[in-house]
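Structure first, commentary second.
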Amino acid sequence: MARVAFIAHCLLNQNAKVEGGAHRAGMWEPVIGLLREHDYVIRQMPCPELAFAGARRFWGVREQFDTPLYRRHCRRLAKLVAAVMAQHVAADDDVVLIGIDSSPTMGVEFTCSSPTWGGEPNIGEDDSIYIRESGIFVEELEAELAERGLPMPRRTGIRHWFPDYDPQEERDRLVALLEGGRA
């Protein structure tokens with residue numbers, strides 16, 4: 001039995017984030033370090049936003065991404081991820097998923113929302129908020145796994161964009177996730 005972590009693309013490459021969105025020059029070391037400490041194999045999931053809108057995109061909220069076209073795009077990518085997850089589930093591996101809470105796409109427990117923002121890149125006042133809901137890709141992945149008769153793995157989201165970000169709380173949450181599997 002192996003330990004396998006499916007992680008958001010930008011945790012291994014912060015440069016995949018929207019312009020100005022990277023908090024590190026490369027990978028998000030706190031997560032990668034914990035995965036290594038706990039002997040997890042890393043599987044990088046694709047970045048749906050980067051593949052859809054490119055590297056020079058501006059940030060958006062869930063309402064902007066929640067379209068039939070973008071959902072189809074996410075479902076195509078989710079099929080690829082689910083196929084790899086299925087192999088690990090069949091091997092009885094311990095599988096976890098680590099996304100990005102605040103992301104309209106990769107949010108696990110939280111996503112960003114603004115019912116008033118129409119998508120203008122130079123908005124006047126940012127009225128976006130975090131709501132307790134998954135991102136579009138995470139929803140499509142869960143649906144794809146369900147169609148295959150597979151459970152959604154244990155999961156959490158990195159919250160480094162939250163205004164009250166607490167690195168120790170995040171570390172504790174990640175350790176609990178990583179140690180919550182079968183021994």
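Residues of segment 79-113 that are in a helix (DSSP H, G or I) and surrounded by 24 or more Cβ atoms within 10 Å (Cβ to Cβ): 85 alone.
Taking residue 147, is it at pLDDT 95 or above and either surrounded by fewer than 16 Cβ atoms within 10 Å (Cβ to Cβ) or within 14 Å of residue 97 (Cα to Cα) (or both)? For residue 147, the condition - at pLDDT 95 or above and either surrounded by fewer than 16 Cβ atoms within 10 Å (Cβ to Cβ) or within 14 Å of residue 97 (Cα to Cα) (or both) - is met. Identify all residues within segment 143-154 that are within 14 Å of residue 78 (Cβ to Cβ) and not in a loop (DSSP other than H, G, I, E, B); write none if there are none. Listed by number, the residues that qualify are 143, 144, 145, 146, 147. Give segment 53-78 a look and list any residue that's part of a helix (DSSP H, G or I) and either in contact with a Lys or Arg (Cβ under 9 Å, 6 or more places away or on another chain) or farther than 28 Å from residue 149 by Cα (or both), or say none. Those that are part of a helix (DSSP H, G or I) and either in contact with a Lys or Arg (Cβ under 9 Å, 6 or more places away or on another chain) or farther than 28 Å from residue 149 by Cα (or both): 53, 63, 64, 65. For segment 52-67, state whether one or more residues are farther than 25 Å from residue 160 by Cα and more than 15 Å from the chain's Cα centre (by Cα). Yes, segment 52-67 has at least one match.
Entry remark, segment 48-66: residues being free of Cβ contacts under 8 Å to residues at least 60 places away in the same chain and either farther than 21 Å from residue 77 by Cβ or basic (Lys, Arg) (or both) number 2 in total. Of all residues in segment 86-106, those satisfying the criterion of being of a type outside the set (Asp, Glu) and touching a strand residue (DSSP E or B) at 6+ places or on another chain (Cβ under 6 Å) are 88, 95, 96, 97, 98, 99, 100, 102, 104, 106. Residues that are part of a helix (DSSP H, G or I), touching a residue at least 60 places away in the same chain (Cβ under 8 Å) and hydroxyl-bearing (Ser, Thr, Tyr) do not occur anywhere in segment 32-47. It is to be established whether one or more residues within segment 124-137 are touching a residue at least 60 places away in the same chain (Cβ under 8 Å), surrounded by 15 or more Cβ atoms within 10 Å (Cβ to Cβ) and among the aliphatic types (A, V, I, L, M). Yes - at least one qualifying residue is present in segment 124-137.
The values are calculated or read from the model by the stated rules, or taken from the named source; none is laboratory data. Since the structure is predicted, the reported quantities are computational estimates derived from the model, not experimental observations. Glycine gets a Cβ as well: all are built from the backbone with ideal geometry, and neighbour counts include every protein chain shown.
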